[in-house]
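Step one of this worksheet: look at the structure below.
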Amino acid sequence: MFNLILFGPPGSGKGTQSEKLIEKFGWIHLSTGDLLRKEIANETQLGLEAKAFMDKGQLVPDEVVIGMIGSALDANPTAKGFLFDGFPRTTAQAEALDALLTSKGSEITLVLALEVSEEELVARLLNRGKTSSRPDDRNEDVIRKRLLEYDQKTAIVAHHYAKFDKVAKVKGEGSIDEIFQSLREQIEARQPA
Ligand code: ADP
């Protein structure tokens, strides 16, 4: 199995690149943001609880997202790999993910970290807010809060995987195709096509 974490701050292009990567490599795409938005759309209890955090730009509690990922892994027993997008976002989530994968005889293969300047991130998110239905992209204070959460809680997740020499940095500015090529090269260096 090839298990990839696509890592990076809000607005770094994880969603866009994930779509291209799963099409190319045939992995299962697990985006906690998408899973949470589905729960909200279906008006579930979990969705209702998560929405309060998301609308403020705060992280949803660890146990909620860990539970969602555990179910998604169980639901796809024959997957040839998973692409984790927007997860793990805290060290506790990373440790839980490692344990879940270990229990399935697997592990994280690679973490690709997209690097984009803060100025560019805010511009991209505000721009996305003009057309998207996501309330968290429409308000600059919420965007700044999400970036702060990333700096304070998520950035350190890369250190967790760097200890195991699993992290590669990729420039997240440039054209979508250029960035995709850089990601692809890193993946193929670890898994010959
Ligand atoms: P972005 O990366 O642009 O912020 P996401 O769709 O990944 O967008 O996440 C949107 C929101 O969903 C986050 O601000 C957070 O509230 C919640 N969320 C998503 N993934 C997680 C996670 N792994 N842990 C906690 N909260 C999460």
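The values are calculated or read from the model by the stated rules, or taken from the named source; none is laboratory data. Please read all numbers here as calculations on a predicted model, not as lab measurements. No Cβ is skipped: glycine too gets one built from the backbone with ideal geometry, and neighbour counts run over all protein chains shown.
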Give Leu73, Leu100, Leu59, Leu112 a once-over and let me know the one that is within 13 Å of the ligand (Cβ to nearest atom) and among the aliphatic types (A, V, I, L, M). Leu59
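For the range 76-94, enumerate the residues that are touching a residue at least 40 places away in the same chain (Cβ under 8 Å), away from the ligand (no atom under 11 Å from the Cβ) and not hydrophobic (A, V, I, L, M, F, W, C). Working first, answer last.
Kept after step one, since they are touching a residue at least 40 places away in the same chain (Cβ under 8 Å), are these residues of the range 76-94: 76, 79-91, 93-94.
Cutting the leftovers down to away from the ligand (no atom under 11 Å from the Cβ) gives us 76, 79-83, 91.
Matches in the range 76-94: Asn76, Lys80, Gly81, Thr91.
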Restricting attention to the range 57-69, and to residues there that are more than 15 Å from the chain's Cα centre (by Cα) and free of Cβ contacts under 8 Å to residues at least 40 places away in the same chain, which single residue is nearest to Lys145 (Cα to Cα)? Pro61
Go through the range 46-56 and give me each residue that's free of Cβ contacts under 8 Å to residues at least 40 places away in the same chain and within 8 Å of the ligand (Cβ to nearest atom). Ala50, Phe53
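Could you look through the range 148-165, keep only residues that are hydrophobic (A, V, I, L, M, F, W, C) and surrounded by fewer than 19 Cβ atoms within 10 Å (Cβ to Cβ), and pick out the one that is nearest to the ligand (Cβ to nearest atom)? Break it down into steps so the answer makes sense when it comes.
Going through the range 148-165, the residues hydrophobic (A, V, I, L, M, F, W, C) turn out to be 148, 155-158, 162, 164.
Then keep just the ones that are surrounded by fewer than 19 Cβ atoms within 10 Å (Cβ to Cβ); that gives 148, 155-156, 158, 162, 164.
On the way: Leu148: 11, Ala155: 13, Ile156: 14, Ala158: 14, Ala162: 19, Phe164: 20 Å.
Among residues in the range 148-165 that are hydrophobic (A, V, I, L, M, F, W, C) and surrounded by fewer than 19 Cβ atoms within 10 Å (Cβ to Cβ), the one nearest to the ligand (Cβ to nearest atom) is Leu148.
Give Glu140, Glu43 a once-over and let me know the one that is of a type in the set (Asp, Glu), over 23 Å from Val170 (Cα atoms), more than 12 Å from the ligand (Cβ to nearest atom) and modelled with pLDDT under 95. Full working, then the answer.
Details: Glu43 fails: modelled with pLDDT under 95.
Being of a type in the set (Asp, Glu), over 23 Å from Val170 (Cα atoms), more than 12 Å from the ligand (Cβ to nearest atom) and modelled with pLDDT under 95 holds for just one of Glu140, Glu43, which is Glu140.
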Could you go through the range 27-41 and let me know if any residue there is of a type outside the set (D, E, K, R), surrounded by fewer than 20 Cβ atoms within 10 Å (Cβ to Cβ) and either assigned to a loop (DSSP other than H, G, I, E, B) or touching a residue at least 60 places away in the same chain (Cβ under 8 Å) (or both). no
Flag for Glu23 being in a helix (DSSP H, G or I) and free of Cβ contacts under 8 Å to residues at least 12 places away in the same chain: yes
Right, Ile5: buried (at least 16 other Cβ atoms within 10 Å of the Cβ), assigned to a helix (DSSP H, G or I) and among the aliphatic types (A, V, I, L, M) or not? no
Residues of the range 54-78 satisfying the condition of being crowded, with 16+ Cβ neighbours inside 10 Å and part of a helix (DSSP H, G or I): Met54, Asp62, Val64, Val65, Ile66, Met68, Ile69, Ala72, Leu73
